[in-house]
Amino acid sequence: MNAKTLVAAAVAAPILMTGFAAAPASATAPVASTASIASVKATKSPAKKRKAAKKRASRAAGVSMRTRGTRFSPTTAANRLERWAKRGTRGYHNQCLRLADNAYQPKGNRTSTALSQWHRAKRKGYAHPGNRRPPVGAQMFWRTSNPAGHIATYVGNGKAVTNMPGGAVKKINWKKMNSWGPYLGWAEPYYG
């Protein structure tokens, strides 16, 4: 029995009784406990569930990823990185954050380490801890043996662009970077 039925039964039963001394609703209709009514209200309707699933799917597909303080969109940043990887761009030894920042050309403040960027995005609500379905342009983070951590940018089809030891820019399967340290999650670029 759903909450509407329970409420209707509780209201209608005394009205339908004849005479002056109507029986209380509890005598004529089953009464749900407050906890069961609360659990019914807490359950999302199918329409709300579909809307929430659609929003999650659009984020995962890169449709509605937010950025803050960047010159370029996530798609443009990803395209720039793919071009740099294809060209064999070098000069990013131990500078993964500079590579990720250069792709977006931030107008706002840059941080000094990948982990600082992760924590800032997390504080501002732009991080998705543990989520392994990044949209195109997402900044992905790992805790590594280097105290600065590591950042790479997701470019789609299971690939991310990152700097390799020696400084070359490469497009690789992002899961290979899990051997560098634990994956923390991804974040929408935040330079506020």
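Every number here is computed from the coordinates shown, using simple stated rules; none is lab data. No experiment lies behind these values; they were computed from the predicted model shown. Quick reminder, even Gly has a Cβ in these numbers, built from the backbone with ideal geometry, and neighbours come from all protein chains shown.
Some values worked out for this structure:
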{"quantity": "Sequence of SER112, SER73 once ranked by neighbouring C-beta atoms within 10 Å, starting from the fewest", "calculated": "SER112, SER73"}
{"quantity": "Residues whose placed amide H lies under 5 Å from that of GLY185, excluding near-sequence neighbours", "calculated": "GLY130, PHE141"}
{"quantity": "Distance in nm between pseudo-label sites at SER64 and ARG87 (7 Å out along the Cβ direction from Cα)", "calculated": "3.5 nm"}
{"quantity": "Other-chain or far-sequence residues with amide H under 5 Å of THR144's (modelled H)", "calculated": "GLY149, HIS150"}
{"quantity": "Residue order, fewest to most beta carbons within 10 Å, for GLU82, GLU188", "calculated": "GLU82, GLU188"}
{"quantity": "Burial ordering of MET164, MET177, fewest other beta-carbon atoms within 10 Å first", "calculated": "MET164, MET177"}
{"quantity": "Efficiency of FRET from Cβ geometry, ARG123 and ASN178, R₀ 25 Å, rounded to 0.05", "calculated": "0.50"}
{"quantity": "Other-chain or far-sequence residues with amide H under 5 Å of LYS159's (modelled H)", "calculated": "TRP174"}
{"quantity": "Phi to ³J(HN,Hα) by Karplus 6.51 cos²θ - 1.76 cosθ + 1.60 over region 183-192, Hz, x for Gly, Pro", "calculated": "6, 9, x, 10, 9, 6, x, 10, 10, x"}
